[in-house]
Amino acid sequence: MVNFDELRAQIAQEFKEVETLDVLNELRIQYLGKKGKIADLMKQMKDVAKEEKREFGQAVNQLKAETSALLEEKKKELEAKALEEKLASETIDLTLPGRKPSHGNLNPLHLIEQELEDLFIGLGYQVIEGDEVVDDLYCFERANIPKDHPARDMQDSLYLDPAHLLRTHTTAIQMKVLEEQAPNPIKVVCPGKVYRRDDDDATHSHQFMQMEGLVIGPHVPLSDLKGTLEFFARKMFGQEREIRFRPSFFPFTEPSVEVDVSCHMCGGKGCPTCKGTGWIEILGAGEVNPKVLEMAGYDPNKVNGFAFGIGIERVAMLKYGIDDIRHFYTNDKRFNETFDRMD
């Protein structure tokens, strides 16, 4: 005769000692499976005396129910324990610093462009942008560069058809502004990308960025140009910077000057950056040629003005110490991440 009390106590002890769901599943198969111990008890019914079959069957069913209850209770306990351990292992340590998401960075050329725009807006200039595909008329003819002029040799390229080309300087914007605003005063800067047939190297690129300035009015002396450019140089390169004018030639200005700024590395004493001269060339400028004014509809006897052209890559390379113009265009994320803000 089976001792159900002893078997019940044995089952309870075994379930009590279980610590993992895998072991619990083994016990379930051992006692409640189709070939388990409780199923074997039911098979013994044929050997039990007729008068004891009812009592034996009830005892087996009760044992099965109690074992199932123990199984469910232990299963819930182990599942709760497993969940608790998982949560503990995945707990976020709030004492650790968070990871900042990457917010991206502007290319230094755009940082310089924004800084220049803010500078000239503060001086009362208006920012005018134009099309990159322009008429030959505005790119060259109106800038006093006729078709046979030698100044075209380095710029007369990248045509889409005989009358249209990718602009070679933002002077093309200025020429349209002159025509549209004549005979009114003008005070504008024109930023944008320009294109030329050039071999790419450390200091040259077939595409680059310019910002040209134009001021037209009843009396605009060259001294105003110098004061404007001194303000620009000191804002961009430091308050101790000085500028100097050297005679030059541009078809759309007369007189024309090249503008140098005292070297920001050596303070004008001479160093490798300025090739020992103490000066660094930064832009070209001059008084607007009277012929340019006439072609746009102005009377050069009543108004005059000045113009200047700033190479944005040139300014960025000097300000940030960049040694190769190609860095601006290689789309290297590490390069852009160096410039997190305007200085």
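Values computed for the structure shown
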| read-out | value |
| --- | --- |
| Options [x] 1.11; [y] 1.02; [z] 1.60 - which one matches Rg/Rh (Cα atoms, Kirkwood Rh) as calculated here | [z] |
| Stretchable slack from Ser157 to Met265, in nm (0.36 nm times residue separation minus alpha-carbon distance) | 35.2 nm |
| Loop-resident sites, region 61-122, for GluC sites (Glu not before Pro), counting at most 16 other Cβ within 10 Å (DSSP) | Glu90 |
| Those residues of region 45-70 whose amide nitrogen sits under 13 Å from the label point placed on Phe4, 7 Å along Cα→Cβ | 52-67 |
| Rounded FRET efficiency, nearest 0.05, which uses the C-beta distance separating Ser89 from Tyr329 and R0 of 45 Å | 0.40 |
| Spin-label zone in region 273-301 - amide nitrogen under 20 Å from a point set 7 Å from the Cα of Thr203 along the C-beta vector | 273-285 |
| Residues whose placed amide H lies under 5 Å from that of Asn289, excluding near-sequence neighbours | Thr253, Glu254 |
| Over 18 Å between alpha carbons, listed pairs Lys43/Lys64; Lys187/Lys319; Lys235/Lys269; Lys235/Lys333 | Lys187/Lys319; Lys235/Lys269; Lys235/Lys333 |
| Full-stretch length increase - Lys193, Gln13 - with 0.36 nm per residue and alpha-carbon distance subtracted | 56.4 nm |
| Low-density loop positions, chymotrypsin sites (Phe, Trp or Tyr not before Pro), region 219-263 - DSSP coil, at most 12 other Cβ in 10 Å | none |
| Portion, in percent, of the accessible area of region 235-343 that falls on carbon or sulfur, probe 1.4 Å | 49 |
| Accessible surface, per residue, of the chain when the full set of protein chains is kept, probe 1.4 Å, Å² | 58 |
| Burial ranking of peptide ranges 202-210, 16-24 (average Cβ count within 10 Å, highest at the top) | 202-210, 16-24 |
| Between 0 and 90°, nearest 10: helix 171-181 axis offset from the chain longest Cα axis | 70 |
| Inter-part distance where region 66-115 and region 158-213 are each reduced to a Cα centre, Å | 54 |
| Sites Lys302 and Asp224 - FRET efficiency at Förster radius 25 Å, r taken between beta-carbons, to 0.05 | 0.90 |
| Relative contact order, percent, the chain [alpha-carbon distance under 8 Å, six or more residues apart] | 15 |
| Spacing of the two label points (7 Å from each Cα toward its C-beta) at Asp118 and Asp40, in nm | 8.6 |
| Theoretical ellipticity at 222 nm over the chain - DSSP helices of four or more residues, -39500 (n - 2.57) apiece, nearest 500 | -12500 deg cm²/dmol |
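The values are calculated or read from the model by the stated rules, or taken from the named source; none is laboratory data. From a predicted model like this one, the values you see are computed outputs, not experimental measurements. Virtual Cβ from ideal backbone geometry, glycine too; neighbours counted across all protein chains shown. When the accessible area is computed, the model is the full protein with side chains, heavy atoms only, and any ligands, DNA or RNA have been set aside. Shrake-Rupley method; radii C 1.70, N 1.55, O 1.52, S 1.80 Å.
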